[in-house]
Amino acid sequence: MIGFIFSDISVPADTNVSLQEISGDISREIENEHFETAISKFASLRSVDQADVLVKLNRSVRIKLLSFLTPKNMGLIVNRLDRDDVALISQEVNHEQLSLILDEARPDIAADILRDLSVNERAETLSGMRGSDDVVPLMDYEDRDAGGLMTPEFIALGSTMTVTQAMDFVRNASSSMDVAEVTYILVVNSQEALVGGLNVSKLVVSEPHKIIAEIMHTEIISVNAGTDREECARIMERYNLLALPVVDDQGKLEGIVKIEDMIYVVQEEATEDMYKMVGVGEEAKLLGPFWNSVRGRLPWLCINLATAGIAALVITLFQETIQQVVALAVFLPVIAGQGAIVGTQTLTLVVRSMALGEIDKSDARMLLIKELLLGLAHGAALGLIAGLIAFLWHGNQYLALVVGIAMLGNLIIAGISGVILPLGLKKLKVDPALSSAVVVTTVTDVVGFLIYLGLATMALSYIIGAN
């Protein structure tokens, strides 16, 4: 096997050339067995772009390209891939190669990959790793907790060190890690418990004989290993942290969560909530495997079909009314559609605010009052417009009145349901985003039809008499 070592500070590709075009060029070169040209083009990319190109290649081309990459380069690439793509790559190398690659990857990334393997595959891969001792402890944590996100690669000074000893320690430690990441240094006591921290600049300008305990900050923000990753993201965002220390129940420093991991978590959580709200599986990707898309979407489409059937059932209860005044059918989708939009708007705002920790159950009363008032304001305005259109179209003041009142009532119900549903799910310890949009749409459809057709039935004689 020919091995190529690529630098992560290689010259970036021409910004006018898309990664899709580069992927196509590399594919053609490999298929024509121009391997050196293909490798040269691949090597000119930064590792983050190499990761994107690699997953865009078809399987046969990717396997050939992987055979030319060194474990060190693959470790850099793996650090840049999301979990689904890492799982894909890990299936295309043998256990010996995967062990070498994971030795070059960050321990927290390696732990994530190993969690997704079967028990036998995990054991075989771990047995071939030199750095398994750093990875195995991380696998005991859930990947949604701080312990599952943290890396054990950090610099921690002893509180009794002098500044001179500390600078020597940092200098030696920096030789085995990215010096650009060494900006804030943690401090531990003799029991390895977290007791403080200090900036590199503070260390550099301090007197050489000073003790670290004298110059460190003692007010350190940290989290327990079991802290949910969304809470970690909120803490890092609130206090503008580049790294978040993770400690055990006794306060012993176990690792740090880096800001780059939090950016990925925020993206993943936002995507997950968005998918859940509209009933799309988490594994769904526009250009992903066809059957994954089917499995991710079809169950929710079936649920939506069932809920739509409930709305249709409501309409059948008022068939006689609609048969006598066919014009009523024209406004059914208008009233239902406006309710669905208002409900989804409110729902989106509430779910987002809950995810960011901006509101909780104590705010429910105030939210309900606000949405009630908004429903009245929006319903009055849109009801007036819809009623005026109905009157100008059909010349029937009673039909116009029914349309206007039904619009008002449905928008009030839509806003309130957009608040009650996510807060209720949260109280039941269910993810508030779980297909909430489908439920809200069902509520607004059913309630909207009941209000509209119920009012029309009660006013039927007046509507017919006015025609």
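The values are calculated or read from the model by the stated rules, or taken from the named source; none is laboratory data. Computed from a predicted model, the values in this text were never measured in an experiment. All Cβ positions, even for glycine, are placed from backbone atoms using ideal geometry, and neighbour counts span all protein chains on display. Heavy atoms of the whole protein, side chains included, go into the accessibility calculation; ligands, DNA and RNA do not. Shrake-Rupley method; radii C 1.70, N 1.55, O 1.52, S 1.80 Å.
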Original post:
Any idea how far apart Ser40 and Ser461 come out in nm if each label point goes 7 Å out from Cα toward Cβ?
Top reply: 9.2
Subject >> Student exercise, the chain dipole from Lys, Arg, Asp, Glu Cβ charges, in Debye to nearest 20 >> reply: 1700
Original post:
Quick one: accessible area per residue over region 355-445, 1.4 Å probe, rounded to a whole number of Å²?
Top reply: 52
**OP:** Please report how far the C-alpha centroid of region 120-134 lies from that of region 378-440, rounded to the nearest whole angstrom.
**Re:** 57
Original post:
Roughly to the nearest percent, how much of the accessible area of region 32-120 is carbon and sulfur, given a 1.4 Å probe?
Top reply: 47
Original post:
Setting aside same-chain residues fewer than 8 positions from Lys41, which lysines have a Cα under 21 Å from its Cα?
Top reply: Lys56, Lys64, Lys72
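Given the rule -39500 (n - 2.57) for each run of at least 4 DSSP H residues, summed and divided by the residues of the chain, what is its mean residue ellipticity at 222 nm, to the nearest 500 deg cm²/dmol?
Result for the chain, helices only: -20000 deg cm²/dmol.
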Original post:
Of [x] 209; [y] 184; [z] 161, which one was derived for volume of the Cα convex hull per residue in Å³ from the structure shown?
Top reply: [x]
Original post:
Can you list the lysines whose alpha carbon sits under 27 Å from that of Lys252, skipping same-chain ones fewer than 8 residues off?
Top reply: Lys202, Lys210
**OP:** With θ set to phi - 60°, apply the Karplus curve 6.51 cos²θ - 1.76 cosθ + 1.60 along region 391-400 and write out the HN-Hα couplings as whole Hz, x wherever there is a Gly or Pro.
**Re:** 5, 5, 6, 10, x, 10, 5, 6, 4, 4
Original post:
How would you classify region 214-257 from its alpha-carbon gyration tensor, with a ≥ b ≥ c the square roots of the eigenvalues: rounded for a/c under 1.5, else prolate if a/b is greater than b/c, otherwise oblate?
Top reply: oblate
Original post:
Taking Lys370 as the anchor, which lysines have their alpha carbon closer than 22 Å to its alpha carbon, excluding any fewer than eight residues away along the same chain?
Top reply: Lys361, Lys426, Lys427
**OP:** Provide the per residue accessible area, probe 1.4 Å, for region 144-271, rounded to a whole number of square angstrom.
**Re:** 53
Subject >> Selection from Ile359, Leu374, Thr37, by position along the positive dipole direction of the chain (Cβ) >> reply: Leu374
Original post:
Can you pull the percent of region 135-250's accessible area that's carbon plus sulfur, 1.4 Å probe, other chains left in place?
Top reply: 50
**OP:** Order Glu214, Glu268, most accessible first, counting only protein heavy atoms with a 1.4 angstrom probe.
**Re:** Glu214, Glu268
Original post:
Given the chain, what percent of its DSSP beta bridges are antiparallel, to the nearest 5?
Top reply: 70
**OP:** Run the numbers on the chain and let me know its relative contact order in percent, using alpha-carbon pairs under 8 Å that are six or more apart.
**Re:** 10
Subject >> Test item: Cα-centred dipole of region 330-416, Lys/Arg +1 and Asp/Glu -1 on Cβ, debye >> reply: 60
Original post:
Which residue, chosen from Ile215, Ser201, Leu186, occupies the Cα position most advanced towards the positive end of the dipole of region 184-241, where the dipole is computed from +1 (Lys, Arg) and -1 (Asp, Glu) charges on Cβ about the Cα centre?
Top reply: Ser201
**OP:** Please calculate how many Å² of accessible area region 22-109 carries per residue, with a 1.4 Å probe and no DNA, RNA or ligand atoms counted.
**Re:** 43
**OP:** Mind giving me the nanometre distance, one decimal, between the label points for Thr160 and Lys370, set 7 Å out from Cα along Cα→Cβ?
**Re:** 5.5
